[in-house]
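What follows draws every value from the coordinates through simple rules; no lab data is involved. From a predicted model like this one, the values you see are computed outputs, not experimental measurements. Because the Cβ atoms are built from the backbone with ideal geometry, glycine has one as well, and the counts that use them run over all protein chains shown.
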Amino acid sequence: MNHHTVTGFSSVPPFAQGLVRDLRVRWALYEAGLSYDVELIDPATRKSHPYRQKQPFGMVPAFTARGLELFESGAIVYLLAEESNALMPAEAADRAKTLVWMFAALNTVEPSLDALLSLDLQHSTEEWAKLRRPAVVETVRDRLAVLTAQLEGRDFLLGRFTAADILMATVLRLIRHTDLVASHPTVDAYLKRCELRPAFERAVEEQMAEYANSIQAAA
Ligand SMILES: N[C@@H](CCC(=O)N[C@@H](CS)C(=O)NCC(=O)O)C(=O)O
């Protein structure tokens, strides 16, 4: 029995596999050298009363740490980072910068990338989506240009790897169906650097294996 339990979905559509946000928590736990249990819920039951006790919005991830029930992937990753030098430096100014870039990933970069994912993979045949897309792509390009500047001369957002990179890399993966990251070579190299980390590889392989298992179990 581990001290940490991460809740994920037992199955998701192919376009979402490898993007579901419990990946952020699993990756952070592996970077911090912590083991955990996984609780898989059927997406059809996510809005049920019992699950909403854990995650009021009926989403994943939910997270249990030493009896504490938590939700919101960014908050969970930050709480883990507070206790692990592998995820956040000790010096106060660097801790503040880590928090700033975590919010930048979730609050400034994620909205337009998530919107593009939804337009392209869930609404592509709808007229309103076609009209909306160019403005969203323009915002995405702006965000990628700012990331290019921040990453100039740095391997990671703060120089060394931090929890902010877990959030930023998982956000960038949301538009893996486009060539927008590939057309920004500095950001592209950064994302590849993040995805080559053993903790990321382990987390994503584990998540994908669970989806594959659930398909086999249903067959
Ligand atoms: N802000 C939340 C968002 C969580 C979220 O969007 N989870 C998705 C899976 S990646 C979900 O559960 N979607 C199901 C739904 O929207 O009902 C977080 O970062 O934890």
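If the condition is being within 22 Å of D42 (Cβ to Cβ) and more than 13 Å from the ligand (Cβ to nearest atom), then the stretch 65-83 contributes only E69.
Per-residue answers, yes or no, for (1) within 30 Å of A218 (Cα to Cα); (2) within 13 Å of the ligand (Cβ to nearest atom); (3) in contact with a Gly (Cβ under 7 Å, 6 or more places away or on another chain); (4) without any contact (Cβ under 8 Å) to a residue 40 or more places away in the chain:
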| site | (1), (2), (3), (4) |
| --- | --- |
| Y30 | yes, no, no, no |
| K54 | yes, yes, no, no |
| F63 | yes, yes, no, no |
| R95 | no, no, no, yes |
| T98 | no, no, no, no |
| M102 | no, yes, yes, no |
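Residue by residue through the stretch 20-45, note down the ones that are surrounded by fewer than 19 Cβ atoms within 10 Å (Cβ to Cβ) and either over 20 Å from E69 (Cα atoms) or of a type in the set (F, W, Y) (or both). Selection gives G33, Y36, A44.
Selection within the stretch 164-190: residues that are of a type outside the set (K, R), closer than 16 Å to D114 by Cβ and part of a helix (DSSP H, G or I). The member of this set that is farthest from the chain's Cα centre (by Cα) is I175.
Within the stretch 110-163, being over 21 Å from K192 (Cα atoms) and outside any helix (DSSP H, G or I) holds for H123, S124, T125, E126. Of all the residues in the stretch 162-208, those that are buried (at least 19 other Cβ atoms within 10 Å of the Cβ) and polar (S, T, N, Q) number 3.
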